[in-house]
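Structure first, then comments.
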Amino acid sequence: MSLLITSSLFGSIEWYENAYKNWKEKAYNDLKNMLAREWSGMSDAAQRGVDFENAIYNTLKSGKENKINSSDFFKVFLEKCKGGEFQKVTKKFLTVDGKEYCIYSKLDVWFPDVIIDIKTTSKWDQYSEGKYLNSMQHIMYCYTSDIPKFLYMVALFNGETSKIIQTIKYLLYEAPTIPFLENKIVEKIKKMEKFFSIHQELNELFEHTYSKYNKG
């Protein structure tokens, strides 16, 4: 059985490694729950993101995008995503240090020439762009789909609980080559292996629980 690699796994490890001392325990428990496949609920912000994506998908699926009463910003999302394939799963397999890994991606919106990823937030500052472009998500998604172009569409809401879109932020990533992406992923896996060699409890969960559900 191959070991499962997702962008959320990389993100959770990084969150733990970089967390401040007073957040360290929570970051560890969040990572442990993920690896143990234990559902710990969803924050209001995360739920809003899911609801927003579902609203886009369901509206386009119904074919009534021209008949709904919505904001101009929401209509932009509909226009950009129309004709795409939603929640498309792509994967590739890599062997690193004698272990086979399944690089797994679930794409929000797939087009033959670009991947669109829908994000929601209520905060945008000088660090926001790096939050997305320094992640592994676009690296992995471009790699597994063989599509070098990836667009983050970020709906900036007017407050943490607001459902009013203030504006849309666009972040475009274009990969140099597919081998470049593979090298980035291999480097990240090697770092992950070192991390798990120190945290045996987490490694056990990664190999025997988290990866057990790998359908690749």
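Rule-based calculations on the coordinates, nothing more; no lab input. Just so you know, these numbers come straight off a predicted model, no measurement behind them. Don't worry about glycine lacking a Cβ; one is built from the backbone with ideal geometry, like all the others, and counts go over all protein chains shown.
Some values worked out for this structure:
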| quantity | calculated |
| --- | --- |
| Glu85/Lys24 FRET efficiency (R0 30 Å; Cβ-Cβ; nearest 0.05) | 0.15 |
| Fully extended contour minus Cα-Cα distance, from Lys191 to Glu207, at 0.36 nm per residue | 4.2 nm |
| 23 Å Cα-Cα threshold exceeded, pairs from Lys32/Lys169; Lys88/Lys119; Lys21/Lys99; Lys82/Lys123; Lys24/Lys188 | Lys32/Lys169; Lys21/Lys99; Lys82/Lys123 |
| Interchain or long-range residues, amide H under 5 Å from Thr120's placed H | Ala155 |
| Taking only Cα atoms of the stretch 94-151, radius of gyration then Dmax in Å | 13.8, 43 |
| GNM result for the chain, Cα springs below 10 Å: residue of Asn158, Asn22, Asn33 fluctuating most strongly | Asn22 |
| Length-normalised contact order for the chain - Cα pairs under 8 Å, 6+ apart - percent | 24 |
| Residue-wise HN-Hα coupling along the stretch 75-84, computed from phi with Karplus coefficients 6.51, -1.76, 1.60 (Hz; x: Gly, Pro) | 5, 5, 4, 4, 5, 5, 8, 4, x, x |
| Using alpha-carbon coordinates, inclination of helix 44-62 to the longest axis of the chain, degrees | 60 |
| Within the stretch 1-112: Cβ-based charge dipole about Cα centre, in debye rounded to nearest 20 (Lys, Arg +1; Asp, Glu -1) | 240 |
| Sum of -39500 (n - 2.57) over DSSP H runs of 4+, divided by residues of the chain (222 nm, nearest 500) | -13500 deg cm²/dmol |
| Förster-model FRET efficiency, 25 Å R0, Ile198 and Asn134, C-beta, rounded to 0.05 | 0.60 |
| Prolate/oblate/rounded label for the stretch 75-177 (Cα gyration tensor, a/c 1.5) | prolate |
| Cα gyration tensor shape for the stretch 1-44, rounded if a/c is under 1.5, else prolate or oblate | oblate |
| Per-residue ³J(HN,Hα) for the stretch 150-162, Karplus 6.51 cos²θ - 1.76 cosθ + 1.60, θ = phi - 60°, Hz, x for Gly and Pro | 9, 10, 7, 10, 10, 7, 9, 8, 8, x, 5, 10, 6 |
| Under 5 Å, built H, 5+ apart or other chain: amide partners of Leu4 | Cys102, Ser211 |
| Centroid-to-centroid separation of the stretch 159-193 and the stretch 1-42 [C-alpha atoms, Å] | 17 |
| From phi via Karplus (6.51, -1.76, 1.60), per-residue ³J(HN,Hα) for the stretch 130-144 in Hz, x at Gly/Pro | x, 4, 8, 6, 9, 7, 9, 4, 5, 4, 5, 5, 5, 5, 6 |
| Unit charges on C-beta of K, R, D, E only; dipole of the chain, Debye | 320 |
| Sites Lys163 and Trp39, calculated FRET efficiency, Cβ-Cβ separation with R0 22 Å, nearest 0.05 | 0.35 |
